[in-house]
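Below: the structure, in structure tokens.
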Amino acid sequence: MSNPRARTTDLLKQPTGDDLVIFDQHRNIAHTLNRTAALVFEHADGTRDVAGLVSVLQAELNETADEDLVLMTLDKLRRAHLLEDAGPRSAETLRASRRRFVRKIGLVGALTLMLPVVETAVAPTPVMAQSGSATGGDSATLPPGLCVSNDQACANGL
Amino acid sequence: MALQQPTPPIVMWSPRETDASRASWSFFRASNLATFPTEQTLLFTCYGARIGIFTNDTRRPSVLEALRPMLPPGWQPLPSAQGVCYYLVDVQEPEAGEVTYTVWMGSECLVEEVDQEVALDELASALHVTVSCHAPDDWLFVHAGVVAWNDRALVIPGVSHSGKTTLVKALVEAGATYYSDEFAVFDRQGRVHPYARPLGVRDSQGQVTKESVQALGGHAGTEPLPVALIVSAQYQPGAVWQPTSLSAGQGALRLLENTVLARTRSALALQVFERVMHTATALAGTRGEAASLALHLRALFARRVDERT
């Protein structure tokens, strides 16, 4: 299997506090990655294998970081469409990784802080932002004067 | 840019299209808005958005006079109609004593042959959206309630009907300075500016009445402020406020998912919210009654001020 590689196209990135906020311009969704997820994302450049990413986490976070933590993190990034070569690992492999890591957390409570977090939100259209409708509207359903596929263009501007 | 007749390339008739709406549209289409009588024209700007309202109403006072108190807060008159987003208000009197109103936003019919109150409510509501969408990119509009204490803002992001006005009202009644019940308007430095329209208070039947902040015994802020706290609160009857702290990135996400132009100003939004989170902390949870949470938040703000000093 090839080394994991994070997506680089159509993404805006902004470090915010300890997190990394990413806007996916292709899907119009935003993610916030905690430190663990951000470190894996930033270092998954195709040159490092899983062991290499483990080394990064051990150096930057905690020496107890291991392959299971990296595999869990890569799985979360993959689900968020943030990896290029998103060949999925088998569900059983992932379940086993998760089980082993959860068991380890039971033994070393501090590892909880290292768990990867990838939280996602949909960037709304103007209509969705107002109504809160998750399904309500792409630009085609907007009033013409407010159709902002390019907000510099004012369809009803004189 | 020269003012032209309102003939967009594609005329999009609304589903309510009727002979009356066609006649209404034809009237304005045959007119040159550049030379429309000034007393039948209302041109203004708000946060840089340029808006023009034109009417065939020649009565005194006209429908435009009735609309003035409902215009977006802080509006300023414009000297010319150049580059405005336009609205048309067609006033007809089909029978003696019966006056009907049809409102157009560009080529889109907003409401047709309704009474003045309904027409103005629809128009005023649409104007707020237009401002938020057409303000230049010095500004970022987020659906949120905003109040302030001690020169620090509290931002409550949320869509319509999420209870933010109820909470804002309770906060004002608890002594907070009112900034908005609709938009947090952010500048590029991450400070929040006032959008202090009258509060749209909804009763148990869903009817909205407008209440000025003065009528609530409060006052509106005028200065831009840094944000101290972001509160994401879901209403649930009887719930006790036991919030969880959000990380900076999670706080930014709560703002982004309520940002009007989140898709087209995403780069600006990410930069602005990063700056917001320099000074802000964010909480999320389920709230019960607004008055109880308002007192809790007031105490929280007081503690934060003590910590700063």
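The values are calculated or read from the model by the stated rules, or taken from the named source; none is laboratory data. All values reported here derive from a predicted model rather than from experimental measurement. Glycine gets a Cβ as well: all are built from the backbone with ideal geometry, and neighbour counts include every protein chain shown.
Structure summary
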{"read-out": "Criterion: part of a loop (DSSP other than H, G, I, E, B), farther than 24 Å from A:ASP66 by Cβ and out of contact with any His (no Cβ under 9 Å at 6 or more places or on another chain) - qualifying residue of A:THR47, A:THR8", "value": "A:THR8"}
{"read-out": "Residue match in region B:200-221 (condition: out of contact with any Phe, Trp or Tyr (no Cβ under 9 Å at 6 or more places or on another chain), at pLDDT 95 or above, in the same structural domain as B:VAL276 (by TED's automatic domain parsing) and not small (Gly, Ala, Ser))", "value": "no"}
{"read-out": "Subset tally (residues that are of a type in the set (A, V, I, L, M) and closer than 18 Å to B:LEU43 by Cα) for region B:97-118", "value": "2"}
{"read-out": "Yes/no for B:VAL103 being within 14 Å of chain A (Cβ to nearest Cβ), modelled with pLDDT of 90 or more and under 28 Å from B:ALA220 (Cα atoms)", "value": "no"}
{"read-out": "Near pairs, Cβ below 8 angstrom, 6+ apart or cross-chain, from region B:122-137 (facing chain A (nearest Cβ under 9 Å)) to any residue that is in a helix (DSSP H, G or I) and of a type outside the set (Gly, Ala, Ser)", "value": "B:VAL129/A:PRO126; B:VAL129/A:GLN130; B:VAL129/A:LEU146; B:THR130/A:LEU146; B:SER132/A:PRO126; B:CYS133/A:PRO126; B:CYS133/A:LEU146; B:ASP137/B:LEU268"}
{"read-out": "The one condition in (1) among the small types (Gly, Ala, Ser); (2) within 19 Å of A:LEU33 (Cα to Cα); (3) in contact (Cβ under 8 Å) with a residue 60 or more places away in the chain that B:GLY221 fails to fulfil", "value": "(2)"}
{"read-out": "Cβ-Cβ under 6 Å pairs, at least 6 apart or on other chains, region B:44-68 side of a type in the set (D, E, K, R), far side in a helix (DSSP H, G or I)", "value": "B:ASP57/B:VAL63"}
{"read-out": "Options B:VAL91, B:VAL99: the member that is surrounded by fewer than 18 Cβ atoms within 10 Å (Cβ to Cβ) and in contact with an Asp or Glu (Cβ under 6 Å, 6 or more places away or on another chain)", "value": "B:VAL99"}
{"read-out": "Selection status of B:LEU67, crowded, with 16+ Cβ neighbours inside 10 Å and in a helix (DSSP H, G or I)", "value": "yes"}
{"read-out": "Conditions (1) within 14 Å of chain A (Cβ to nearest Cβ); (2) in contact with a Ser or Thr (Cβ under 8 Å, 6 or more places away or on another chain); (3) among the aromatic types (Phe, Trp, Tyr); number of the one not met by B:TYR86", "value": "(2)"}
{"read-out": "Answer residue from region A:105-118, given it is of a type outside the set (S, T, N, Q) and at pLDDT 75 or above and is nearest to A:GLU60 (Cα to Cα) among those", "value": "A:MET114"}
{"read-out": "Conditions (1) more than 14 Å from chain A (Cβ to nearest Cβ); (2) farther than 25 Å from B:VAL208 by Cα; (3) modelled with pLDDT of 90 or more: number failed by B:GLY52", "value": "(1)"}
{"read-out": "Some residue of region B:142-151 being outside any helix (DSSP H, G or I), more than 8 Å from chain A (Cβ to nearest Cβ) and at pLDDT below 90", "value": "no"}
{"read-out": "So A:ASP10, is it within 14 Å of chain B (Cβ to nearest Cβ), within 14 Å of the chain's Cα centre (by Cα) and surrounded by fewer than 15 Cβ atoms within 10 Å (Cβ to Cβ)", "value": "yes"}
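Conditions (1) assigned to a helix (DSSP H, G or I); (2) more than 14 Å from chain B (Cβ to nearest Cβ); (3) under 29 Å from B:SER266 (Cα atoms), marked per residue:
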position	(1), (2), (3)
A:ASN3	no, yes, no
A:LEU20	no, no, yes
A:HIS31	no, no, yes
A:ALA51	yes, yes, no
A:VAL56	yes, yes, no
A:ASN62	no, yes, no
A:ARG98	yes, yes, no
A:LYS104	yes, yes, no
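Listed here are the residues, each with its yes/no results for (1) modelled with pLDDT under 95; (2) in the same structural domain as A:ARG100 (by TED's automatic domain parsing); (3) touching a Cys at 6+ places or on another chain (Cβ under 7 Å).
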{"position": "A:ASN3", "(1), (2), (3)": "yes, no, no"}
{"position": "A:THR16", "(1), (2), (3)": "no, yes, no"}
{"position": "A:ILE22", "(1), (2), (3)": "no, yes, no"}
{"position": "A:ALA30", "(1), (2), (3)": "no, yes, no"}
{"position": "A:THR36", "(1), (2), (3)": "no, yes, no"}
{"position": "A:VAL56", "(1), (2), (3)": "no, yes, no"}
{"position": "A:GLU63", "(1), (2), (3)": "yes, yes, no"}
{"position": "A:GLU67", "(1), (2), (3)": "yes, yes, no"}
{"position": "A:MET72", "(1), (2), (3)": "yes, yes, no"}
